[in-house]
Structure formats: C-alpha cells, structure tokens
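Participant: Below are the structure tokens for one structure; questions will follow.
The values are calculated or read from the model by the stated rules, or taken from the named source; none is laboratory data. It should be emphasised that the depicted structure is a prediction, and the values quoted were computed from it without experimental measurement. A quick note on method: Cβ atoms are made from the backbone with ideal geometry, for glycine too, and the neighbour counts reach across all protein chains shown. Just the protein is used for accessible areas: all its heavy atoms, side chains included, with ligands, DNA and RNA removed. Shrake-Rupley method; radii C 1.70, N 1.55, O 1.52, S 1.80 Å.
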Amino acid sequence: MKKIKVGFDAWIQLLGMIGVLGGLVFVGLEMQQTQKIALVSQIQERSYAANGTLNTFIEADLDWLEAIGQYESIPPLTQRGKVERNALNAAWFFAEADYFQFSQGLMTDEVWQAKLRAMAGNLKSCKYPTIYETRVRLVEEAFKNLLDSLPSECD
C-alpha cells in the first residue's frame, strides 16, 4: 500500500472549507432568527392596530364586542362598562402577541411569568366572563390550554 502524503496546502484547503461551512451555518441561523423577529413584529403591529381600533370605540362611547356582533349587553352597559370591556379586549390582543413572542423564544422566562400573572388577573376577569368565553375560542390551542390552566377567582 502506498502512503498518501498530505501537504500543507491540503490542510489549508480543508480548514478553508470548514470555515465556509461554518459561515453558511451561521448565516442560516441568522436568517431563521430574523424570520422569527419579523413574525413577532407583524403580530405586535396587528395588536397595536387592533388597540387603535378599540381606542376609537372608547372615544365614540361604543362597546367593541357588541359592535362586532359577538355579544349584546342586556341591560346596556354604562360608559364605564364599555371602557372596561374595551380595555379587557385590548388586554387580549396584547396577551396574544406576548404569547407568540414567548413561544418563539424571544421573551425571557421572568418577563413571561409576570405576563402570566397579569393574564390570570385580566383575561380571566370575573366581571366580564363573556369576553373570556368569546375570545378563548379564537386563539391557538396551546394558548387556550395555557389560559384554561391559569387560576381564576371565579371558580
């Protein structure tokens, strides 16, 4: 058998190829992270737009949930009641955006735990259970299961 001699040039080429492969892996990971950030930004922008709409309903003394035909208040809500329900619906939009951000690994666990405490207090409000019943049907299953597992003073 012949012994294959590997020269200095071959080692340099091998190291160069490993460097190129490492660079490609790094670029791929960066692209994946950029895509996650873009998706989270899109969800947050939708949340901000929805809250802008809710603010319009508050200024017009209207209840958003009633206006979109999801619920009719009997007896009619007071102005304060409309503001409270609109604010609770706004909290839902923010919670959905926060959940998506956490699910993509873009939120620390400490911040997420604080958000969960706020969700338990806000989203599972005993004052307007209809909002929870209506909105929980419109979220992804994993988020619904998470919300259902949160403690509630209503139970």
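Participant: Yes or no: the range 51-60 includes at least one residue that is open to solvent by 60 Å² or more (accessible area, probe 1.4 Å), out of contact with any strand residue (DSSP E or B) (no Cβ under 9 Å at 6 or more places or on another chain), within 30 Å of T34 (Cβ to Cβ) and in a helix (DSSP H, G or I).
Facilitator: yes
Participant: Among (1) closer than 20 Å to G121 by Cβ; (2) open to solvent by 40 Å² or more (accessible area, probe 1.4 Å), where does A91 come up short?
Facilitator: Checking A91 against (1) closer than 20 Å to G121 by Cβ; (2) open to solvent by 40 Å² or more (accessible area, probe 1.4 Å), the one that fails is (2).
Participant: Under 6 Å by Cβ, and 6 or more places apart or on different chains, what pairs join a residue from the range 31-45 that is under 18 Å from E140 (Cα atoms) with one that is among the aromatic types (F, W, Y) and surrounded by 11 or more Cβ atoms within 10 Å (Cβ to Cβ)?
Facilitator: Every condition considered, the pairs that remain are I43/F100.
Participant: Oh, and also: Could you tell me how many of the residues in the range 130-155 are within 14 Å of the chain's Cα centre (by Cα) and assigned to a loop (DSSP other than H, G, I, E, B)?
Facilitator: 2
Participant: Out of E110, E72, E153, I need the residue that is under 30 Å from Q35 (Cα atoms) and either open to solvent by 30 Å² or more (accessible area, probe 1.4 Å) or in contact with a Cys (Cβ under 8 Å, 6 or more places away or on another chain) (or both). Which one? Reasoning before the result, please.
Facilitator: Numbers: E72 fails: under 30 Å from Q35 (Cα atoms); E153 fails: under 30 Å from Q35 (Cα atoms).
Every option except E110 fails the conditions.
Participant: Among the residues of the range 115-124, which ones are surrounded by 13 or more Cβ atoms within 10 Å (Cβ to Cβ) and not in a loop (DSSP other than H, G, I, E, B)?
Facilitator: So the first thing to find is which residues in the range 115-124 are surrounded by 13 or more Cβ atoms within 10 Å (Cβ to Cβ), and the list is 115-116, 118-124.
Those that are surrounded by 13 or more Cβ atoms within 10 Å (Cβ to Cβ) and not in a loop (DSSP other than H, G, I, E, B): K115, L116, A118, M119, A120, G121, N122.
Participant: Another question, if that's okay. Consider K127 against the criteria (1) in contact (Cβ under 8 Å) with a residue 60 or more places away in the chain; (2) within 21 Å of L54 (Cα to Cα); (3) assigned to a loop (DSSP other than H, G, I, E, B): it satisfies all of them except one. Which criterion is unmet?
Facilitator: With (1) in contact (Cβ under 8 Å) with a residue 60 or more places away in the chain; (2) within 21 Å of L54 (Cα to Cα); (3) assigned to a loop (DSSP other than H, G, I, E, B) applied to K127, the lone miss is (1).
Participant: Which pairs do you get when a residue that is over 15 Å from M119 (Cα atoms), found in the range 66-91, comes within reach of a residue that is among the small types (G, A, S) and part of a loop (DSSP other than H, G, I, E, B), reach meaning Cβ atoms under 7 angstrom, with the pair 6+ apart or on two chains?
Facilitator: That search, which allows pairs on different chains as well, returns E66/S73.
Participant: A follow-up question, please. In the range 128-155, which residues are small (G, A, S) and at pLDDT 85 or above? Quick ask: steps written out before the conclusion?
Facilitator: Within the range 128-155, the first condition is being small (G, A, S), and the residues that meet it are 142, 149, 152.
Within the range 128-155, A142, S149 meet the criteria.
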